[in-house]
Amino acid sequence: MGASLLRLHFHDCFVNGCDASLLLDDTATFKGEKTSVANANSLRGFEVIDNIKAELESLCPNMVSCADILAVAARDSIVALGGPTYTVALGRRDSTAANVTATEDLPSPFVNVTKLIAAFSKKGFTVKEMVALSGAHTIGQARCAFFRGRLYNDTDINASFAAAVRAKCPGSGGSGDNNMSELDVTTPTTFDSSYFKNVMSQKGLLHSDQQLYSGGFTKTAVDAYANNAASFMEDFAEAMNKMGRLSPLTGSIGQIRTNCRKVN
């Protein structure tokens, strides 16, 4: 579940800031972010957040926001899987609304490196920070629908790797769309720098992953992280800390939700 909890934090922060807007359920009169094109049938871990929130409300009512829970759960997931620790600033408050349109800010797995750089730059990240944050794909999985095009159309792909993954992902759309494959074929459940080594070997699962190397602009950064895991860990921790500070609601703005799925 660690990779999924990290992804929740990322998908929350990149849409209107780290305000737990992602966690709001749809209602008859309210359209949330969960069912947007970028998130539908893709995110999980909401029940874990619910359980954490329920225990916190029992022990310490109306004190810890859902946005803070997402931030801490992401950090602790990284650490549990072997990644770096960092101090999480606390005090975020929860939004009372969602922004489905702003989910378009989430970088697509189908884009080239230029568009990746632009998507992260829009949120204030440097190119190096974008590459470091992309290293989160050292854990987790993706659905066939998101990498089918790479398997059957891209030329910058390792032949044996492509053949192995094609066994899980048929070439025809609609068939096996939800079949999963690991983002990091080498150490899929360990937070390390293998992701960058895979990309160097043309074993990036997503088109956007491989673009970090094949696209040219970020090749040097990928080489550096592949050859210096400690540097990656340090830079990733700093970039995560920065991401967790994107446009937080503080003071009297927003609220501390008692149930992360709905406003008070």
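The table for this structure:
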| quantity | calculated |
| --- | --- |
| Selected residue (only one of SER194, SER201 is of a type in the set (Ser, Thr, Tyr) and open to solvent by 40 Å² or more (accessible area, probe 1.4 Å)) | SER201 |
| Residues (of a type in the set (Asp, Glu) and open to solvent by 30 Å² or more (accessible area, probe 1.4 Å)) located in the stretch 4-35 | ASP25, ASP26 |
| Residues within the stretch 129-168 that are free of Cβ contacts under 8 Å to residues at least 60 places away in the same chain, buried (at least 17 other Cβ atoms within 10 Å of the Cβ) and touching a Phe, Trp or Tyr at 6+ places or on another chain (Cβ under 7 Å), tallied | 1 |
| For LEU43: the one exception among (1) in contact with a strand residue (DSSP E or B) (Cβ under 9 Å, 6 or more places away or on another chain); (2) farther than 18 Å from ASN264 by Cα; (3) without any contact (Cβ under 8 Å) to a residue 60 or more places away in the chain | (1) |
| Pairs where the first residue, in the stretch 171-183, is at negative phi and the second is in a loop (DSSP other than H, G, I, E, B) and open to solvent by 50 Å² or more (accessible area, probe 1.4 Å), C-beta under 9 Å, 6+ apart | ASP177/ASN41; ASN178/ASN41; ASN179/LYS168; MET180/LYS168; SER181/LYS168; GLU182/THR189 |
| The stretch 169-181 - residue that is exposed (fewer than 14 other Cβ atoms within 10 Å of the Cβ) and either in contact with a strand residue (DSSP E or B) (Cβ under 8 Å, 6 or more places away or on another chain) or among the aromatic types (Phe, Trp, Tyr) (or both) and, of those, nearest to HIS207 (Cα to Cα) | MET180 |
| Test: residue in the stretch 135-143 that is more than 16 Å from the chain's Cα centre (by Cα) and not acidic (Asp, Glu) | no |
| Residue, farthest from ARG245 (Cα to Cα), within the stretch 107-116, restricted to residues that are in a helix (DSSP H, G or I) and open to solvent by 40 Å² or more (accessible area, probe 1.4 Å) | THR114 |
| Filtered residues of the stretch 220-262 (kept if touching a Ser or Thr at 6+ places or on another chain (Cβ under 8 Å) and of a type in the set (Phe, Trp, Tyr)) | TYR225, PHE232 |
| Selection from the stretch 55-106 of residues that are among the small types (Gly, Ala, Ser), closer than 19 Å to LEU246 by Cβ and surrounded by 15 or more Cβ atoms within 10 Å (Cβ to Cβ) | SER65, ALA67, ALA71, ALA73, ALA74, SER77, SER95, ALA98, ALA102 |
| Every pair of residues 6+ apart whose Cβ atoms lie under 9 Å, when the first sits in the stretch 81-106 and is over 30 Å from ASP192 (Cβ atoms) while the second is open to solvent by 50 Å² or more (accessible area, probe 1.4 Å) and hydroxyl-bearing (Ser, Thr, Tyr) | GLY91/THR250; ARG93/THR250; ARG93/SER252; VAL100/THR35 |
| Filtered residue count, the stretch 213-264, keeping only those that are small (Gly, Ala, Ser), buried (at least 16 other Cβ atoms within 10 Å of the Cβ) and in a loop (DSSP other than H, G, I, E, B) | 3 |
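The values are calculated or read from the model by the stated rules, or taken from the named source; none is laboratory data. On a predicted model such as this, the values are computed, not experimentally measured, just so you know. Note: ideal-geometry Cβ built from the backbone for every residue, glycine included; neighbour counts use all protein chains shown. For the accessible areas, the whole protein counts, side chains as well, though only heavy atoms, and no ligand, DNA or RNA atoms are used. Shrake-Rupley method; radii C 1.70, N 1.55, O 1.52, S 1.80 Å.
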